[in-house]
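To keep things clear, I will list the structure first and then write my remarks on it.
Values in this text are rule-based calculations from the coordinates and carry no lab data. All figures in this text were calculated on a predicted structure; none of them were measured in a lab. Positions of Cβ are backbone-derived with ideal geometry, glycine not excepted, and every protein chain shown enters the neighbour counts.
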Amino acid sequence: MSKLMNKIDFVALIAVDRANANGDPLNGNRPRTDYNGFGEMSDVCIKRKIRNRMQDMGHSVFVQSEDRCDDGFGSLSERAGSVMKGEKNRDIYAEKACKTWMDVRTFGQVFAFKDAKGVSVGVRGPVSIHQAVSVSPVEVESLQITKSVNGEKGEKGGTRTSDTMGMKHFVRFGLYLLKGSINVQLAEKTGFSYEDAQVVKECLRTLFENDASSARPEGSMEVVKLYWFEHDSKSGQYSSAKVHRSVKVVQKDILAMPASMDDYEIILEELPGLTPEIINGL
């Protein structure tokens, strides 16, 4: 494994076509939007998908979703305890965790469990991800649906319960900007390597593979483009903010509601000495 020597920034364009990119449980699972109507995907949602892709590629992941648990442990505490086995030295604890689980050395993790006998360890990860925000305000549509699952027997000798009514929400179309960076100094502390960075790149390129559901039908979520900037130094030639701003997406007709990628123009501003790798999504 080779050390990560240079800072990396990245920008991904995500198209959402009649799908619920990230439902808000505090708002009836409607797609997340801000007060101005711009669509949002939380960084937690994006990291969950990256972790899932890491698992698909055969890497060990600490924070696993229940339906994707591949090691039989029922909690994070059990998973940590199986590897640490009472280790009390914080530095050794953090080092072992980073070597064992790819998501820990990528995003970091706080270990503060009752069975750790007073050990509380925090790991800062080198990969930081912003929440993804749509370029234009999105139109959220809601459908009333009928659930005919016949899950329980009806009362008074009936053979089935009544159908249940529900709601389904989705974004008609939205183009979201996802931004992130990889910090070399933090990578040195967690052991995050250049090869790990390439795994993260592939995870972003294929972010929605094996992620289909009724809220996100196959083909409704797509990484359109991934811009991958590899600087020539640890600190980078430019700040992450300048790099992220260099990818501009402009709506061609500001009076019309966007319906596809064709309604946008992508402009890449030149940053002397820093040329991104432009990758088509899966």
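Worth pointing out:
To keep it simple, each residue is scored yes or no on (1) closer than 21 Å to GLY219 by Cα; (2) charged (D, E, K, R).
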| site | (1), (2) |
| --- | --- |
| LEU4 | no, no |
| PHE10 | no, no |
| ALA19 | yes, no |
| MET54 | yes, no |
| VAL61 | no, no |
| MET84 | no, no |
| GLU87 | no, yes |
| LYS96 | no, yes |
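- Flag: ASP263 matches the condition of being farther than 18 Å from ASP9 by Cα, in contact with a Phe, Trp or Tyr (Cβ under 9 Å, 6 or more places away or on another chain) and of a type in the set (Asp, Glu).
- PHE73 vs. criteria touching a Pro at 6+ places or on another chain (Cβ under 9 Å), on the phi < 0 side of the Ramachandran plot and not charged (D, E, K, R): no
- Within region 251-270, the set of residues being surrounded by 12 or more Cβ atoms within 10 Å (Cβ to Cβ) and without any contact (Cβ under 8 Å) to a residue 40 or more places away in the chain comprises ASP263 only.
- Comparison of SER213, SER260, SER239 shows that the only residue that is under 17 Å from SER134 (Cβ atoms) and hydroxyl-bearing (Ser, Thr, Tyr) is SER260.
- Counting the residues of region 73-87 that are over 25 Å from the mean Cα position of the chain (by Cα) and surrounded by 12 or more Cβ atoms within 10 Å (Cβ to Cβ) gives 5.
- Tally of residues being surrounded by 15 or more Cβ atoms within 10 Å (Cβ to Cβ), more than 15 Å from the chain's Cα centre (by Cα) and without any contact (Cβ under 8 Å) to a residue 12 or more places away in the chain across region 5-48: 1
- A residue that is in contact (Cβ under 8 Å) with a residue 12 or more places away in the chain and under 17 Å from the mean Cα position of the chain (by Cα) can be found somewhere in region 190-198.
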